[in-house]
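**Q** Please see the structure below; I have some questions.
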Amino acid sequence: MEYVTLGKSGLKISRMGFGGIPIQRIDAAGTKKLMEVLVENGVNYIDTARGYTVSESFIGEAIEGMRDKFVLATKSMARTKEAMAKDIDISLKNLRTDYIDLYQIHNPSMEQFMQVIGPDGALEALMEARAAGKIGHIGVTLHSLEIFEKAVEMDWIETIMFPYNIVERQGEELIHKCVEKNIGFIDMKPLAGGAIEDGHLALRFICANPDVTVVIPGMYDVSEIEKNLAAVNEKGPLTEEELEQMEQIRKQLGTNFCRRCNYCQPCTVGINISGCFLFQGYLDRYGLEDWAVDRYNTLPVKASACVECGVCETRCPYNLPIREMLKVCAEKFGE
C-alpha cells in the first residue's frame, strides 16, 4: 500500500481509503469483518458521515480495540455553531473515540457556506472542538465548482472532497490548485455513483493523477475491497487500450449524465435539479432505496414541479435533456 500525506493536515494515510456510505446495506458483524480486512491490507483512512444513518455507529463498534490503526474522517450538515457542536459530540459517541482526525462541513450551498463561516456559524464550533482536542483537522465536502473556487483560497480549510472520475473532470484545475495550496484532495464518487461499471479502470484513471491525495470508493463487501486494492496497487502508466476504454465511457455517459456543476440553477420554480439527480443515483446504483427516498423527501420542491420552461437546459454546458430527466426522476420517486 502506498501512503501519502493529506495536505497541510500532516496525516499519513493510505492512497485508497474506505467510503462508508454502503455500510448501510450490511450489519455490525459485516462491518467488523470489513475493518479487519482493511487493517490486513494497510488501508487506514475511513470516511463516514452523520447523515449515513448507521455508518458511524457500525464503524465505531467495529474498530474498538484497533482505533489506533485508523485515521477517522466524518462530516456534518450542521450550519450553526450549536448544531455543529452537538453533531461532533454525537460522532464521538457513535465512533466510540475521544477524538476524530478530520471533521468536515458536509456539502453546503453557497448561502449555507457563508452561514457556516459567519457569526455563530458551524466553523466556530469546529475551531473550538479542535482547540479542545475533540477533532484534529477541518475540511469541507462539495459538489459545486463555485464553492470549490472559494474554499481553495481559505487558509483554515485543510482538506477538500469533490467528485472526480472518468466522466466528471470539471474540477481538475482546482484539484491541482489544492496541491499548490497544500490542501489534501479527497476524491469521492470515483465510479460516478456506480454509473461507471468498470471499477478497476475507474480507479486506474484516478490514481494516474498525482494531484489526487486519496480516493474513497464506497464498499460493503470484502470482494470489493480486494478488487479495488488490485486497481489502486497496479503500477505503470495508463495504456492506450485503457485510454480508449475511458473515452468510450465518456461517450456513453456524457449525453445523459449530470455532473452537478449547477450551472442550470436557479430553477424557475425552485427545484434543486442536481440534488434530484444525485438522490436518483443513490436509488438506481447504490441499492439504498429507503435512504434515497428519505433524502429526496427532504427536498422542498420535487422533480414533478417542473413547468418545462427549459431555461435550465439553455445553461447546461453538457446540453442535457433536463426536463425529460426530471420526468424520469419524478416517476421513480412517485412525485
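The values are calculated or read from the model by the stated rules, or taken from the named source; none is laboratory data. This is a predicted model, so every value here is computed, not measured. Neighbour counts are summed over all protein chains in view; Cβ atoms, including those assigned to glycine, are modelled from backbone coordinates with ideal geometry.
**Q** Could you please find all residues in the range 239-256 being in contact (Cβ under 8 Å) with a residue 60 or more places away in the chain and either assigned by TED's automatic domain parsing to the domain that holds residue 202 or not charged (D, E, K, R) (or both)?
**A** The answer is 246, 249, 253, 254, 255, 256.
**Q** Taking the range 65-80 only, how many residues are surrounded by fewer than 16 Cβ atoms within 10 Å (Cβ to Cβ) and either under 18 Å from residue 156 (Cα atoms) or touching a Ser or Thr at 6+ places or on another chain (Cβ under 7 Å) (or both)?
**A** Residues flagged as surrounded by fewer than 16 Cβ atoms within 10 Å (Cβ to Cβ) and either under 18 Å from residue 156 (Cα atoms) or touching a Ser or Thr at 6+ places or on another chain (Cβ under 7 Å) (or both) within the range 65-80 amount to 1.
**Q** Quick one: which residue in 53, 31 is more than 18 Å from residue 213 (Cα to Cα), in contact (Cβ under 8 Å) with a residue 40 or more places away in the chain and surrounded by fewer than 24 Cβ atoms within 10 Å (Cβ to Cβ)?
**A** Residue meeting the stated conditions: 53.
**Q** State which residue pairs qualify: first residue assigned by TED's automatic domain parsing to the domain that holds residue 329 and more than 12 Å from residue 275 (Cα to Cα) and inside the range 293-310, second residue small (Gly, Ala, Ser) and in a helix (DSSP H, G or I) in any location, beta carbons under 7 Å apart, and separation of 6 or more residues or different chains.
**A** So the pair list comes out as 304/330.
**Q** Then there's this: Within the range 164-215, can you find the residues that are of a type in the set (A, V, I, L, M), within 20 Å of residue 257 (Cβ to Cβ) and touching a residue at least 60 places away in the same chain (Cβ under 8 Å)?
**A** Within the range 164-215, 166, 167, 188, 192, 195, 203, 215 meet the criteria.
**Q** Filter the range 81-97 down to residues that are surrounded by fewer than 17 Cβ atoms within 10 Å (Cβ to Cβ) and over 19 Å from residue 58 (Cβ atoms), then give me how many there are.
**A** Residues that pass the stated criteria total 3.
**Q** Just for the range 287-329: of the residues that are surrounded by fewer than 19 Cβ atoms within 10 Å (Cβ to Cβ) and among the small types (Gly, Ala, Ser), which one is nearest to residue 260 (Cα to Cα)?
**A** 310
**Q** Tell me which residues, restricted to the range 312-322, are in contact with a Cys (Cβ under 6 Å, 6 or more places away or on another chain) and modelled with pLDDT of 90 or more.
**A** Scanning the range 312-322 gives 312, 322.
**Q** Which of (1) in contact with a strand residue (DSSP E or B) (Cβ under 9 Å, 6 or more places away or on another chain); (2) closer than 30 Å to residue 293 by Cβ does residue 127 not meet, given it meets every other one?
**A** Only one criterion in (1) in contact with a strand residue (DSSP E or B) (Cβ under 9 Å, 6 or more places away or on another chain); (2) closer than 30 Å to residue 293 by Cβ is unmet by residue 127, namely (2).
**Q** With the range 131-188 as the region, which strands (runs of 3 or more DSSP E) entirely inside it contain at least 2 residues that are surrounded by fewer than 24 Cβ atoms within 10 Å (Cβ to Cβ) and not assigned by TED's automatic domain parsing to the domain that holds residue 90?
**A** none
**Q** Within the range 192-213, can one find any residue that is on the phi < 0 side of the Ramachandran plot, surrounded by 15 or more Cβ atoms within 10 Å (Cβ to Cβ), in a strand (DSSP E or B) and not hydrophobic (A, V, I, L, M, F, W, C)?
**A** No: the range 192-213 contains no residue that is on the phi < 0 side of the Ramachandran plot, surrounded by 15 or more Cβ atoms within 10 Å (Cβ to Cβ), in a strand (DSSP E or B) and not hydrophobic (A, V, I, L, M, F, W, C).
**Q** Working only within the range 261-284, note down all residues that are in contact with a Lys or Arg (Cβ under 9 Å, 6 or more places away or on another chain), more than 13 Å from residue 329 (Cβ to Cβ) and surrounded by 19 or more Cβ atoms within 10 Å (Cβ to Cβ).
**A** Residue satisfying the conditions is 264 alone.
**Q** Next question. List pairs: first in the range 66-89 and in the same structural domain as residue 16 (by TED's automatic domain parsing) and modelled with pLDDT of 95 or more, second assigned to a strand (DSSP E or B) and acidic (Asp, Glu), Cβ under 6 Å, 6+ apart or cross-chain?
**A** Close Cβ pairs (under 6 Å, with a partner that is assigned to a strand (DSSP E or B) and acidic (Asp, Glu)) amount to 71/101; 72/101; 73/47.
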